[in-house]
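The structure appears right after this line, and notes come after that.
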Amino acid sequence: MSAPALAAITVSDLSKNFGHFQAVKGISFTVAPGEIVGFLGPNGAGKTTTIKMITGLLKITSGTVLIGGLDNRKHLAAIKKKLGYMSQKFSLYPLLTAMENIEFFGGISGLPPAELRLHMARMEEQVASDILGQKIQDVPPGIRQKVALFVCLMPEPEIILLDEPTSGVDPEARRLFWNELYGLKKHGKTLLVSTHNLDEAEYCDRIIIIHNGEIVACGEPEELLRQKGKVNIEELFKDAIQEHGQN
Ligand code: ADP
Ligand code: MG
């Protein structure tokens, strides 16, 4: 039997305490190369805290995170090259235009000017110039999200962590966004995408449901529904938190 492929992300017994409060309670999961994994759970479940620990931005209380087999506390520089991260707030500068944001973030990520110009030209092909010239705070959320994803992808990361990228965007923009994510998967990228919207499970190869800092269900959405005899993820979630003694 051949050895299993090295996981893109391996989270082992990961915890985070904020003072006496335990926001993440010893969770473990893996993301395989080329997978789209949905990280689902209500507000306050621990999604952002977990994702920030994976990026290395937030100190781990206990447990480990391996990125392509490398411990993220020992090999942060190497790991930063592999990871793309889109934070929940998108972290674009609201008073800069889309193009100014692209130029700024492309510059600080060290892209050569010629490459940066190519990226800017690509964005100009995708979005009308009058929108690209407006302050990012004034453009529709769907466009803001598109620009934020574009910025995150410019350094060509292999593994992409997206924290609630679809919150606040309308269903059509959400569908288009997921289409873009499939395009990335086709190009061999690995994606971990958090959402508090359980409906988005259907877009994922696998889902991990987190509640009160614990994983309450994990697997392929269809398979999970079949195993548990449920018709939708909402039902599955309700059952799973009861099983875990959480309400
Ligand atoms: P989610 O992203 O799933 O909405 P978070 O990871 O942001 O959840 O938060 C998980 C829990 O940890 C929440 O109860 C939140 O209030 C708490 N929390 C998050 N950040 C901090 C912090 N810096 N200090 C104290 N508590 C925090
Ligand atoms: Mg969050």
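The values are calculated or read from the model by the stated rules, or taken from the named source; none is laboratory data. The structure displayed is predicted, hence computed values, not measured ones. Here the Cβ is made from the backbone with ideal geometry for all residues, glycine too, and neighbour counts use every protein chain on show. We work out accessible area using only protein heavy atoms, side chains counted, and drop any ligands, DNA or RNA first. Shrake-Rupley method; radii C 1.70, N 1.55, O 1.52, S 1.80 Å.
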**Request:** Tell me what the chain gives for mean residue ellipticity at 222 nm when only DSSP H runs of n ≥ 4 count, each as -39,500 (n - 2.57), the sum divided by the residue total, rounded to 500 deg cm²/dmol.
**Result:** -11000 deg cm²/dmol
**Prompt:** Which of Arg73, Arg144, Arg226 moves most in a GNM of the chain, Cα contacts under 10 Å?
**Reply:** Arg226
**Complete:** Per the C-alpha gyration tensor (a ≥ b ≥ c, the square roots of its eigenvalues), region 1-97 is rounded if a/c is under 1.5, else prolate if a/b beats b/c, else oblate; here it's oblate
**Request:** Please work out how much length the chain gains when fully extended from Asn17 to Ala128, using 0.36 nm per residue of separation minus the C-alpha to C-alpha distance, in nm with one decimal.
**Result:** 35.4 nm
**region 140-247 - accessible surface per residue (Å², probe 1.4 Å)** = 46 Å²
**Request:** Do me a favour and compute the ellipsoid semi-axes for region 89-156 from its Cα gyration tensor, root of five times each eigenvalue, largest one first, whole Å.
**Result:** 18, 13, 10
**Prompt:** Accessible area, 1.4 Å probe, largest first: how do Phe39, Phe237 sort?
**Reply:** Phe237, Phe39
**Asked** Averaged over all directions, how much area does the convex hull of the C-alpha atoms of the chain cover when projected, in nm²?
**Response** 15.0 nm²
**Complete:** Counting only DSSP beta bridges with both partners in the chain, the antiparallel fraction in percent, to the nearest 5, comes to 55 percent
**Asked** At a 1.4 Å probe radius, carbon and sulfur cover how many percent of the accessible area of the chain?
**Response** 53 percent
**Request:** Report, in whole Å, the centroid distance computed from the Cα atoms of region 22-79 and region 119-195.
**Result:** 22 Å
**Extended-chain gain in nm, criterion 0.36 nm per residue less alpha-carbon gap, Ser28 and Ala77** = 15.3 nm
**Message:** Among Lys47, Lys185, Lys228, which one shows the highest mean-square fluctuation when the chain is modelled as a Gaussian network with alpha-carbon springs under 10 Å?
**Reply:** Lys228
**Item:** Residue among Val147, Val37, Val139 with the largest mean-square fluctuation in a Gaussian network model of the chain, springs linking Cα atoms under 10 Å
**Value:** Val139
**Message:** What whole-number volume per residue, in cubic angstrom, does the convex hull of the C-alpha atoms of region 204-247 give?
**Reply:** 63 Å³
**Prompt:** Magnitude of the Cβ-charge dipole of region 1-120, K/R +1 and D/E -1, about the Cα centre, nearest 20 debye?
**Reply:** 340 debye
**Asked** Size of the dipole of the chain about the Cα centre, Lys and Arg at +1 and Asp and Glu at -1 on the beta carbon, nothing else charged, in debye to 20?
**Response** 780 debye
**Positive-pole candidate from Tyr93, Leu83, Gly41, dipole of the chain, charges at beta carbon** = Leu83
**Prompt:** Of Lys74/Lys186; Lys186/Lys238; Lys81/Lys186, which ones are farther than 29 Å apart at the Cα?
**Reply:** Lys74/Lys186; Lys186/Lys238
